[in-house]
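Visitor: Dropping a structure here in structure tokens format, bear with me for questions.
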Ligand SMILES: NC(=O)c1ccc[n+]([C@@H]2O[C@H](COP(=O)([O-])OP(=O)(O)OC[C@H]3O[C@@H](n4cnc5c(N)ncnc54)[C@H](OP(=O)(O)O)[C@@H]3O)[C@@H](O)[C@H]2O)c1
């Protein structure tokens, strides 16, 4: 995850704990991208990294084995993995807050070839989940 996402979790630790049972809900290792020095979470396996996503992806791959790697976001960080050909799937949950305002969720031009929509799922009464496959070889310029 990027540092904005990480700092959001630190600022909203009480909310996260109420919803998940723990202020830091992840047992798997987490890589946080930042050029700054950020506070850690006691007991959590958090690794601070910066720069090129490719060597970090190598470390993630080694830790994950044949399990999935989840790029939490934000969108530009996920886009950096896409630029390097390291994203195979994009899962977007659209909620009502998404409709009114915001910046591009995934700031890349995804036109040639386009993403392949493979499923649409309702999540409770709040979200629609769109699951896209990223065509192999797709490289999109940043917008
Ligand atoms: N609802 C959800 O599921 C969900 C998921 C993800 C995010 N979010 C929210 O969406 C917003 C995303 O914010 P954001 O777009 O600012 O994204 P972000 O990816 O969380 O944070 C961006 C920051 O990450 C660091 N960064 C990114 N790439 C880097 C690299 N290659 N090397 C070093 N540092 C790098 C930079 O921070 P430094 O200035 O520290 O260097 C950059 O300013 C946040 O409010 C977050 O809470 C929501």
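Just so you know, all these numbers are worked out from the coordinates, no wet-lab data involved. Fair warning: this is a prediction, and the values are worked out from it, not measured in the lab. Every residue, glycine among them, receives a Cβ derived from its backbone with ideal geometry; neighbour counts consider all protein chains shown.
Visitor: Just to be sure I understand: with springs between alpha-carbon atoms less than 10 Å apart, which residue in 12, 57, 82 has the highest mean-square fluctuation in the Gaussian network model of the chain?
Guide: Most flexible of the set in this elastic network: 12.
Visitor: Among 125, 20, 30, which one shows the highest mean-square fluctuation when the chain is modelled as a Gaussian network with alpha-carbon springs under 10 Å?
Guide: Ranking 125, 20, 30 by mean-square fluctuation puts 125 first.
Visitor: Separate question: Rounded if a/c is under 1.5, else prolate if a/b beats b/c, else oblate: with a ≥ b ≥ c from the C-alpha gyration tensor eigenvalues square-rooted, which is region 1-72?
Guide: Because a/c hits 1.5 or more and a/b fails to exceed b/c, region 1-72 counts as oblate.
Visitor: Sticking with this structure for a sec: Within region 38-64, which residues have the backbone N less than 13 Å from the label spot 7 Å out from residue 88 along Cα→beta-carbon, could you tell me?
Guide: Of the residues in region 38-64, 61 have backbone N under 13 Å from the label point off residue 88.
Visitor: Over the chain, what is the percentage of antiparallel beta bridges among all DSSP beta bridges, to the nearest 5?
Guide: 75
Visitor: Would you kindly give the portion of the calculated P(r) for the chain that falls above 20 Å, as a percent of all Cα pairs?
Guide: In whole percent, the long-distance tail amounts to 55.
Visitor: In nm, give the distance between the simple-model label positions of residue 128 and residue 47, each being 7 Å from the Cα along the Cα-to-Cβ direction.
Guide: Distance between the two pseudo-spin positions: 3.8 nm.
Visitor: Choose one answer from 88, 52, 66: the residue with the largest mean-square fluctuation in a GNM of the chain with alpha-carbon springs under 10 Å.
Guide: 66
Visitor: Quickly work out the residue 12-to-residue 54 label distance, labels modelled 7 Å from Cα along the C-beta direction, and quote it in nm with one decimal.
Guide: So the label points at residue 54 and residue 12 sit 3.5 nm apart.
Visitor: Taking a point 7 angstrom from the Cα of residue 98 along the C-beta vector, which residues in region 116-141 have backbone N less than 20 Å away?
Guide: Hits in region 116-141 for residue 98 at 20 Å: 116-135.
Visitor: Would you report the distance distribution of C-alpha pairs in region 51-135 as whole percents per 10 angstrom bin, up to the bin with the largest distance?
Guide: Cα pair-distance distribution for region 51-135, in percent: 15, 44, 33, 8, 0.
Visitor: For region 88-143, what is the Kirkwood estimate of the hydrodynamic radius, computed as the reciprocal of the mean inverse distance between distinct Cα atoms, to one decimal in Å?
Guide: Taking the inverse mean of 1/r over all distinct Cα pairs, region 88-143 comes out at 12.5 Å.
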